[in-house]
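Below is one structure, written out as structure tokens; the observations come after it.
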Amino acid sequence: MPARVCCCCAALRPRYKRLVDNIFPEDPKDGLVKADMEKLTFYAVSAPEKLDRIGAYLAERLSRDVVRHRYGYVLIAMEALDQLLMACHSQSIKPFVESFLHMVAKLLESGEPKLQVLGTNSFVKFANIEEDTPSYHRRYDFFVSRFSAMCHSCDHDPEIQKEIRIAGIRGIQGVVRKTVNDELRATIWEPQHMDKIVPSLLFNMQKIEDVDRTGLPSSPTGGEKEENPALLAENCFRELLGRATYGIMNNAVRPVFAHLDHHKLWDPNEFAVSCFKIIMYSIQAQYSHHVIQEILRHLDVCKRDSPRVRAGIIQVLLEAVAIAAKGSIGPAVLEVFNTLLKHLRISVDFELGDRRSSAGSATFSTASKESDERIVQNAIIQTIGFFGSNLPDYQRSEIMMFIMGKVPVFGSTSQSLDTSHLGDLGTRRIQIMLLRSLLMVTSGYKATTITNALPAPFLDPLLSPSLMEDSELRQLVLEILHNLIDRHDNRAKLRGIRIIPDVSDLKIKRDKISRQDVSFMKKHGQQLYRHIYLGCKEEDNVQKNFELLYTSLALTTIELANEEVVIDLIRLAIALQDIAIINEDNLPMFNRCGVMALVAAYLNFLSQMIAVPAFCQHVSKVIETRSLEAPYFLPETIFKDKCNLPISLEKHEKNLFFLTNKIAESLGGSGYSVERLSVPYVPQVTDEDRLSRRKSIVDTVSIQVDILPGNNTEDKVNNTEEITFEALKKAIDNNGLEEQEKEKRRLVIEKFQKAPFEEIAAQCETKANLLHDRLAQILELTIRPPPSPSGTMTVTAGHAHYQSVPVYEMKFPDLF
């Protein structure tokens, strides 16, 4: 019971104190005296300058009652304060608020849960009041610290623990609302405050059970929000992030990483994924790239952590990218890919390092580490692919170039990933994973012209011979080509190499070939043909390789073939057939039959696409003959699990093969220019072939040059001429002439391999005309000889006789 004073002393006391004393009943159980409370409220509204004194006196009484454990009077005092706050909105309320906050702090500092909840409820009511003018001196550091501590309550009574945690979350929510509406709201976003608020909310969100964690805003009832700390914390976290602006976004996100690291929540990462889904859905869309950059920065910090931790971070990045991809990812797109590719190389380095360190002692832990690194690598590839496939076309083409530039290519000077310390195995792993990433990026890419999809700086390294030394690499390259060439989604209809009875049933979609595509094929068609030709000659080809090669030919026919390209493709198909028949590369019998089956399937498709009846008849006749006499030349038979292979192909009849003269005859009758069909296809030689370790046409040319007359080793041994200055000078001059001759031969060979057929034919025709004119002049001289010096000619019976001249001394014009 409050102490009573005598009537004389009471009359001398200030009026505001008498009004405050009157609201407290003799028995606190009776509650607030409402009539006297109305008088106090009227007095406060009428004389706002007295508010600060009223607040100070109420605070004094409340502090005394808290110390004396008179909790009934404490409740009455707080109720009176709440009513005064709601009734008074003048500028004079500022000093009163300081007294109010001092009383709330007293309650929160007490160890009594009920008083803590009471103080929190009063603070939340205060937070919902909109003040007329901002407060430039008020800070809420104590409340942030105290409410955060309440969120981590560990009371032995579960009900009390839950009640205090809910109060702490509601208090943080009140602080956020109050400071965000205040013009000095930047203070709440300082790192020292965020480092307390965010982990407190995440700590309570971890306790959620049997609740949808998709990251999308849930819609529980009001009662559920108040009773479940996890749901309340999640809603407070969403509200906090939704109010974050450009300059302070990072301060709200970085504590999330610290919490996940401290509690080891990256493995397993379900909670981490749900947190970042909440973040991405709550923040403003234009700030999404800030979150992605923070994840990448944390990935760099954790590059030495366990593979599963890194895989968990990358999985979080994938989920964030999936949400941000349709919105604003920001300008640092290349930075994202560069960081991911860097960690891809680091993962391969770790994997190979573990393998080398455990050489000779195969242990379970080493195998587990390698499999964990594979998880990291697959997560990176999936993230790169998903990120790239959701970019706009103009950015996607840049990313394709960027990734292709990172692929280690033998003999290339591009800024590829440094794999010098990884060895051949590590380089191959990097190549495979980068191509897999590129395959995902190119998926669904629809360029208006093939030149945009396959520019020369991209096509040249993609078709590099060094990428053809491995079966899996060749498969990835072909699949990437399919993604870029197939602009009408026909690839699924061509899946699987087979003899198609009626191509019209496939309902192939195609457009008229554009001039840009025609120009592309004139410039780069030989590169595509060469890649397919060399790909068929590889010994490690399996069924999938033949299927992809067939699809490449078919897609080229659909998307890029005019009459000239059709002739080139037929020449290529006949050359592939010759590979199997002649077998200069000593291919296994399965490969030879596989190539024959590939040619049969493609020419069957091509003949029906161009719809020339005579050509279709010839192809159908050969296929029918093969089905009876040599079924292993057809894809339906050779690619079965058990297929009887022939011993040799030399004894097969011509009716089993596609004949050039038959094809030329059938196409010539339909208006095709078939002159070039008589010229065998020879793959184009590139500069990279001369640097490559692979056997190529250049190797054959070099061998032929080495065995030319004059290079006989016996002649070199017998040459024992004395070494003098004049001899050395003569030798140097001779070596220079030999180098010039070799260079001339090389240019001739390269010209016939690279130059267009029409240019070679025109030049040969010109040279032939010159030769014809020279011979005509010689024949004319035999009939009408010109005057000549004595002793060089005699005339007998009207005929001219000349001295005999050896053929090799006759001077003819240089044909080349």
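The values are calculated or read from the model by the stated rules, or taken from the named source; none is laboratory data. Everything quoted here is computed from the prediction, not taken from an experiment. Each accessible area value is taken on the protein alone, full model and side chains, heavy atoms only, with ligands, DNA and RNA left out. Shrake-Rupley method; radii C 1.70, N 1.55, O 1.52, S 1.80 Å.
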If the chain between Asn655 and Asp489 were fully extended at 0.36 nm per residue, the gain over the current Cα-Cα distance would be 56.2 nm
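State the percentage of accessible surface on region 26-123 attributable to carbon and sulfur atoms; use a 1.4 Å probe and exclude ligands, DNA and RNA.
53 percent
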Solvent-accessible area per residue, Å², over region 9-123 with all protein chains present [probe radius 1.4 Å]: 47 Å²
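Can you give the translational diffusion coefficient of region 476-535 in µm²/s, computed by Stokes-Einstein from the Kirkwood radius over Cα pairs at 4 °C and 1.567 mPa s?
96 µm²/s
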Using the alpha-carbon centroid of each, what span in Å lies between region 258-325 and region 569-646? 53 Å
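How much accessible area per residue does region 500-648 have, counting only protein heavy atoms and a probe of 1.4 Å, in square angstrom? Intermediate results must be reported in sequence, preceding the final value.
On the way: 6330 Å² over 149 residues.
Accessible area per residue, region 500-648: 42 Å².
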Please report, as a whole percent, how much of the solvent-accessible surface of region 611-688 comes from carbon and sulfur atoms (probe radius 1.4 Å). 52 percent
